[in-house]
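Here is the structure we will look at.
Every number here is computed from the coordinates shown, using simple stated rules; none is lab data. What you see is a predicted model, and the numbers here were worked out from it, not measured in a lab. Here the Cβ positions follow ideal geometry from the backbone for every residue, glycine too, while neighbour counts run over all protein chains shown.
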Ligand SMILES: CC(C)(COP(=O)(O)OP(=O)(O)OC[C@H]1O[C@@H](n2cnc3c(N)ncnc32)[C@H](O)[C@@H]1OP(=O)(O)O)[C@@H](O)C(=O)NCCC(=O)NCCS
């Protein structure tokens, strides 16, 4: 069975390890984390070392595939982790067995889909995205690289979410909307018009609270 390593041994890394165990197709080798002691045993597996050790340990056969467990508060670092290693190390897409994806859905390398998600026909997701449990993505919607959806995000049909977006828990987007790169939404935001100006949006209908931090 291929061995999976995860960048980041915190809460998100542990959730990814749990999805990998539920999936059953990977053994979790452990985590690379710059802030935890090598050899520490977390619930999901051991801390293998700092991020700078990844290539050497891949060469030694410690693991075969890699995923990013860096969350939405560090969206630029999420991207950097993926881009640093994607040319040399395989990033699988990982789907919880309790998610339902129509056969026409496409997922990029390193994209992870949690339990209870439903992706309808023609949905296209780029690399290194993360979907918390219960996201509903309707037909013909596309999501750009490195984006992160909180639990229960609902996207209607023909939506385009560009890259590096964070959609907070329960965000709803009506059909035919485009949301620009680097947009963030707070929990429960309802997006009813295109977002062309990146920043943090909240409320019903969504309004800009401030620039992205
Ligand atoms: C939007 C958000 C990022 C703002 O966090 P923050 O910068 O700490 O902002 P504050 O809590 O200081 O709130 C600022 C104001 O916005 C309001 N506000 C905060 N979040 C809101 C939301 N989701 N919807 C509507 N209003 C919101 C607050 O009530 C406050 O209003 P006030 O100035 O009138 O008192 C945060 O509240 C949020 O919704 N995060 C989403 C978390 C999430 O989805 N996690 C999923 C992890 S998997």
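Would you calculate a helix-derived [θ] at 222 nm for the chain, using -39,500 (n - 2.57) for each DSSP H run of n ≥ 4 and dividing by the full residue count, to the nearest 500?
Numbers: 3 runs with 30 residues, N = 213.
Per the formula, -4000 deg cm²/dmol.
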Please report how far the C-alpha centroid of the range 42-113 lies from that of the range 170-213, rounded to the nearest whole angstrom. 27
Report the convex hull volume per residue for the chain, counting only C-alpha atoms, in Å³. 104
What distance in nm separates the two pseudo spin-label positions at residue 169 and residue 102, each 7 Å out from Cα along the beta-carbon direction? 2.9
